[in-house]
Amino acid sequence: MSAVASQTNFNHTHFNKAHSNIVVKPSTPVIGAEIEGIDLRKPLTPQEVDDIHQALLQWKVLFFRDQPISDEEQLRFGRYFGKLTPAHPIMLGLPHQPAIWERAASEYKPKYRPDLNIPTSRPNRDYKGWHIDITFVANPNKYSILRGIEIPAYGGDTLWSNLEAAYEGLSPQIRSLIDGLQVVHRTNSYDSGWKNQNRREIGPLTALHPVVRVHPETGKKHLFINPGTSSHIVGLKERESQALIDLLADEISRPEYQVRFHWTPHALVIWDNRATAHAGPIDYAHFNAPRIVRRITVAGDLPKGPDGFVSRPLEGELFGTID
Ligand SMILES: [Fe+2]
């Protein structure tokens, strides 16, 4: 267990600069920190990697501004933290770079801004809302690393929520109720509706996960409900299951557990997908500007519950690695 585990989530002290020149500036008392004093165009030292890792365990999402890096440098940054995965279990990555998933405004705009008549081969897509990345596989990625390629002057912000704080915010009675439950996560209708895109032709992906997950490094418990893809809780009546999922999803989206990031050109964000949910871009319906981001993900392990339950696939395969 790391030294971070002995600190509370709400420790508001600045990072101890024991090793490198990295400076960690918390964004809120609960989640998020801006990282300064590092140049991601250069290889990192082991001390820098360790400092980033420790900051990530504590603050859960880290924001790096003004990092004009290449695709290769983004991949190199990801590899410091583990093996990379393909771009997505369903969607294909860039033709020349299968680990990179590019998301562009054109996916959103035809629906919301039909007046713009933007040529696109991609279908309309709704705002995705709060989610944890790719929990429809039994081994979702541990980190997601998103880099701004084209960023609007305003709008297109992303939110992250601290799922440990959300769990701790529940009453002890609710926590003990959910500690031993399992929930089915599956690809949802709009995932399967991504037709005519660069996607793998595979069937539905479904995984069984604990409702509460124990972080493999800090040992802390967090809510592991994905509002977009958690279909039902095992053993409950349908109305009980839906009411409980709604209650927990509502807890995840409470503002007191959140940080909001306004993207700037060449910003890069890394988040711990084992302790956060996120939502974004949150406002595409309301502005007219390009927004292109590129994401890579670092492979994760099988989630474990407080009772030792280990996630497993129900339909489809485990998510592999690319190198
Ligand atoms: Fe996401």
Exception for Glu256 within (1) closer than 30 Å to Gly203 by Cα; (2) touching a residue at least 24 places away in the same chain (Cβ under 8 Å); (3) open to solvent by 20 Å² or more (accessible area, probe 1.4 Å) falls at (1)
Restricting the search to segment 245-271, which residues are part of a loop (DSSP other than H, G, I, E, B) and closer than 20 Å to Gly148 by Cβ?
His262, Trp263, Thr264, Pro265, His266, Ala267
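Which one is nearest to Trp130 (Cα to Cα) among residues in segment 185-208 that are modelled with pLDDT of 55 or more, part of a loop (DSSP other than H, G, I, E, B) and out of contact with any Leu (no Cβ under 6 Å at 6 or more places or on another chain)? Write out each step before concluding.
Going residue by residue through segment 185-208, those that are modelled with pLDDT of 55 or more are 185-188, 197-208.
Right, trim to part of a loop (DSSP other than H, G, I, E, B) and you get 187-188, 197-198, 200-205.
Going one step further and asking which of them are out of contact with any Leu (no Cβ under 6 Å at 6 or more places or on another chain), we end up with 188, 197, 200-205.
Values: Asn188: 14, Gln197: 23, Arg200: 24, Glu201: 26, Ile202: 25, Gly203: 24, Pro204: 21, Leu205: 19 Å.
For segment 185-208, the residue satisfying everything is Asn188.
Test of understanding: among Pro306, Pro281, Pro313, which residue is touching a strand residue (DSSP E or B) at 6+ places or on another chain (Cβ under 9 Å), open to solvent by less than 60 Å² (accessible area, probe 1.4 Å) and assigned to a strand (DSSP E or B)?
Unique residue meeting the criteria: Pro313.
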Scanning segment 18-58 residue by residue, the ones that are at pLDDT below 95 and crowded, with 17+ Cβ neighbours inside 10 Å total 1
Based on this model, can you work out whether Glu251 counts as among the acidic types (Asp, Glu) and either at pLDDT below 95 or under 12 Å from Phe136 (Cα atoms) (or both)?
no
Condition (residue is crowded, with 19+ Cβ neighbours inside 10 Å, touching a Lys or Arg at 6+ places or on another chain (Cβ under 6 Å) and modelled with pLDDT of 95 or more) applied to segment 289-298: is it met by at least one residue?
yes
Which one is nearest to Arg103 (Cα to Cα), of the residues in segment 139-153 that are assigned to a strand (DSSP E or B) and small (Gly, Ala, Ser)?
Gly148
So Pro68, is it at pLDDT 95 or above, in a loop (DSSP other than H, G, I, E, B), farther than 30 Å from Glu317 by Cα and not charged (D, E, K, R):
yes
Would you confirm whether or not segment 3-17 contains a residue that is at pLDDT below 95 and within 21 Å of Asn141 (Cβ to Cβ)?
yes
Which ones in segment 125-138 are assigned to a loop (DSSP other than H, G, I, E, B) and at negative phi?
Arg125, Asp126, Tyr127, Lys128, Trp130, Ile132, Asp133, Thr135, Phe136, Val137, Ala138
Provide a single number: the residues in segment 209-229 that are open to solvent by less than 10 Å² (accessible area, probe 1.4 Å), not in a loop (DSSP other than H, G, I, E, B) and not charged (D, E, K, R).
5
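The values are calculated or read from the model by the stated rules, or taken from the named source; none is laboratory data. Just so it is clear, the model here is predicted, and its values are computed rather than measured. Because the Cβ atoms are built from the backbone with ideal geometry, glycine has one as well, and the counts that use them run over all protein chains shown. The protein model used for the area step is the full one, side chains on, heavy atoms only, and it has no ligands, DNA or RNA in it. Shrake-Rupley method; radii C 1.70, N 1.55, O 1.52, S 1.80 Å.
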